[in-house]
């Protein structure tokens, strides 16, 4: 199970980073020891929220979450390069831009999410009214998190 946790300074504990992670933690058995491997990542809370929704929609339509994410990037116009094959006439390949850090900043990623979430409902699961969409999003991934402040760098003197 994939969990994103953050360190709570007051309790010296790891706590769920998002509502999606809290729901996953709640599904774990109580009073059982777990082995935890830490991997420090630059995954933002907004990215976790977005990926949780994309994962639910992909599951519902029988698609892979990464394929659906790539479809959304194409629809958003996040194209890095168009490659025309000389060897195979008429074959065109498209290289999509990355939404990973640091290739895409938080503000641009937030704009992509603002496009992508309505696009999911419009193109992949149409016919769901706005109030129902909000309810489903809240059920699947919780409230949309605010953009995080960038980490403070401590530079050596």
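Coordinate-derived values only; no laboratory data. Note that this is a predicted model, so its numbers are computed, not measured. Cβ atoms come from the backbone with ideal geometry, glycine included; neighbour counts cover every protein chain shown.
Relative contact order (percent) for the range 14-120, with alpha-carbon contacts under 8 angstrom and 6 or more residues of separation? Please list the in-between numbers first.
Working: 68 pairs, mean separation 22.5, N = 107.
The normalised contact order for the range 14-120 reaches 21 percent.
Based on the mean of other beta carbon atoms within 10 Å per residue, what is the order of 4-12, 21-29, most packed first? Numbers along the way, then the final one.
Details: 4-12: 10.2, 21-29: 12.4.
The most tightly packed comes first, giving 21-29, 4-12.
What translational diffusion coefficient, to the nearest whole µm²/s, does the chain have by Stokes-Einstein, given a Kirkwood radius computed over alpha-carbon pairs, a temperature of 37 °C and 0.692 mPa s viscosity?
Numbers: Rh = 18.1 Å.
Estimated diffusion coefficient is 181 µm²/s.
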Across 75, 95, 56, the residue with the highest GNM fluctuation in the chain (Cα network, 10 Å cutoff) is 95
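Assuming R0 = 22 Å, what is the FRET efficiency of residue 94 and residue 133, from their Cβ-Cβ distance, to the nearest 0.05? Please report the intermediate quantities before stating the final value.
On the way: r = 29 Å, r/R0 = 1.32.
The value I calculate is 0.15.
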Computed from the beta carbon distance with a Förster radius of 30 Å, FRET efficiency for residue 146 and residue 70 to the nearest 0.05 stands at 0.70
Log10 I(q)/I(0) at q = 0.14, 0.21, 0.24, 0.27 Å⁻¹ for the range 1-60, from Debye over equal alpha-carbon scatterers, is -0.45, -0.96, -1.18, -1.33
